[in-house]
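The values are calculated or read from the model by the stated rules, or taken from the named source; none is laboratory data. Nothing here was measured: the structure is a model prediction, and the numbers come from that model. Positions of Cβ are backbone-derived with ideal geometry, glycine not excepted, and every protein chain shown enters the neighbour counts. For the accessible areas, the whole protein counts, side chains as well, though only heavy atoms, and no ligand, DNA or RNA atoms are used. Shrake-Rupley method; radii C 1.70, N 1.55, O 1.52, S 1.80 Å.
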Amino acid sequence: MGLRAMDIHGLADPFCKLFLLPRHSQAPGLRSKTVHKTRNPEFNETLSFHGVTEADIEIITLRIVVLDDDKYGHDFIGEARAPLKGLRPQQTRHLNVYLSQHIPVSQKWRDHTDDRFNESRYPKGKLWLEENSWSYSVDSIDDEDKTPEEEDWEDIGDWDRGRILLTLCYSTRRRALVVGVIRCINLAAMDNNGFSDPFVKLHLKPDPHNRKYKTSIKWKNLNPEFNEQFVFETKATDLSRQALEITVWDKDYGKSNDYLGGLELGWNSKGERLQHWVDTIKYPDRVHERWHHLSEEVLCD
């Protein structure tokens, strides 16, 4: 309940992914259904991990990640964790926990006082679970930002196309949207040598001039640095009706380029992508920098 809004209408399309930590080879991650257009979803599902022994119960932790369903990449809403030590068979108990920001998998559990349940520290929402009984505590994280390299998203499995760092600024002097392509990390390897030769394409649409730009090619690189800037002349009032399409490609000679991933920033985007676009419109003449996950969804080129 009380999940954060992810779209311009103040709603979300949430679903849950469940994992056992440390990763359990006999128990892969599970996924709930998606409940559309709500911040207070009711799932009413029973998800079962198979191959878990009584000895496993004493050392593993249940990780619940809440995501927003979107074809351009599932946005992170929040997560919670509960150690399963002390779990007893055939006993059912309701568990009510606040969702937190992303907690790196490698982070150590620590003891905390009851102020960890203060809702102001966990603005992501609240999660109700019905499981067998166990004693539990909720871990917390520092509020400071972490770089993508410090984060561990691999077990979630929704962002395996890498990430891109972009800057946006609407310049009132130039009457233009200025887009900076800074860098990418963890791109997919498309070539036999284990690398890719990435470049980025940009397209603001609709655009009466149909302008399209692309960066230089970074050879044999899965973590390229571009630091290139592009200018789209447009009215500030038109940005609410436009969208910026970003696609990343692997350069190939003699055949079609391979699609590495993409995203769209605009009024109809969701989550971090929507926030980036809204901030750019709301606060002109400022540089707004954000990381975005790349989606495998192929955008029209």
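Conditions (1) touching a Ser or Thr at 6+ places or on another chain (Cβ under 9 Å); (2) touching a residue at least 40 places away in the same chain (Cβ under 8 Å); (3) of a type outside the set (A, V, I, L, M), marked per residue:
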position: THR38; (1), (2), (3): no, no, yes
position: GLU45; (1), (2), (3): yes, no, yes
position: SER48; (1), (2), (3): no, no, yes
position: THR61; (1), (2), (3): no, yes, yes
position: PHE76; (1), (2), (3): no, yes, yes
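Can you say whether ALA82 is in contact (Cβ under 8 Å) with a residue 12 or more places away in the chain, surrounded by 15 or more Cβ atoms within 10 Å (Cβ to Cβ) and in a loop (DSSP other than H, G, I, E, B), as far as the supplied structure shows?
no
Can you give me the number of residues within the stretch 40-55 that are of a type in the set (A, V, I, L, M) and part of a loop (DSSP other than H, G, I, E, B)?
2
How many residues does the stretch 145-190 hold that are modelled with pLDDT of 75 or more, out of contact with any Leu (no Cβ under 6 Å at 6 or more places or on another chain), basic (Lys, Arg) and open to solvent by 50 Å² or more (accessible area, probe 1.4 Å)?
Residues that pass the stated criteria total 3.
In this structure, does LYS37 turn out to be of a type in the set (Lys, Arg) and assigned to a loop (DSSP other than H, G, I, E, B)?
Taking the combined requirement at face value, the residue satisfies it.
Considering (1) under 22 Å from the mean Cα position of the chain (by Cα); (2) modelled with pLDDT of 90 or more; (3) of a type outside the set (Val, Ile, Thr), say which one SER100 fails and leave the rest.
For SER100, the exception is condition (2).
Within the stretch 277-287, which residues are in contact with a strand residue (DSSP E or B) (Cβ under 8 Å, 6 or more places away or on another chain) and either open to solvent by 30 Å² or more (accessible area, probe 1.4 Å) or among the charged types (D, E, K, R) (or both)?
Result: ASP279, ILE281, PRO284, ASP285, ARG286, VAL287.
Could you check the stretch 17-34 and list, in sequence order, the residues that are assigned to a loop (DSSP other than H, G, I, E, B), aliphatic (A, V, I, L, M) and either within 16 Å of GLU79 (Cα to Cα) or open to solvent by 30 Å² or more (accessible area, probe 1.4 Å) (or both)?
Residues satisfying the conditions do not exist here.
Would you confirm, using the coordinates I've provided, whether VAL278 is modelled with pLDDT of 95 or more and more than 23 Å from the chain's Cα centre (by Cα)?
Answer is no for this residue.
What pairs can you find where one residue is in the stretch 180-197 and in contact (Cβ under 8 Å) with a residue 24 or more places away in the chain, the other is open to solvent by 10 Å² or more (accessible area, probe 1.4 Å) and of a type in the set (Gly, Ala, Ser), and their Cβ atoms are less than 6 Å apart, with a gap of 6+ or different chains?
From the stretch 180-197, the pairs are PHE195/ALA189; SER196/ALA189.
I need every pair where a residue in the stretch 2-16 that is farther than 18 Å from GLU42 by Cβ and part of a loop (DSSP other than H, G, I, E, B) has its Cβ under 9 Å from the Cβ of a residue that is of a type in the set (Val, Ile, Thr) and open to solvent by 30 Å² or more (accessible area, probe 1.4 Å), sequence separation at least 6 or different chains.
Matching pairs, first to second residue: ILE8/VAL278.
Return the residue satisfying two criteria in turn: it lies in the stretch 55-71 and is of a type outside the set (Asp, Glu) and closer than 17 Å to LEU11 by Cα, and of such residues it is most open to solvent (accessible area, probe 1.4 Å).
In this case the residue turns out to be LYS71.
Which residue, of GLU245, GLU225, is under 22 Å from ARG273 (Cα atoms), open to solvent by 50 Å² or more (accessible area, probe 1.4 Å) and not small (Gly, Ala, Ser)?
Exactly one of GLU245, GLU225 is under 22 Å from ARG273 (Cα atoms), open to solvent by 50 Å² or more (accessible area, probe 1.4 Å) and not small (Gly, Ala, Ser), namely GLU225.
Would you check which residues across the stretch 199-221 are farther than 15 Å from ALA176 by Cα, open to solvent by less than 40 Å² (accessible area, probe 1.4 Å) and not in a strand (DSSP E or B) and list them?
Result: THR215, single match.
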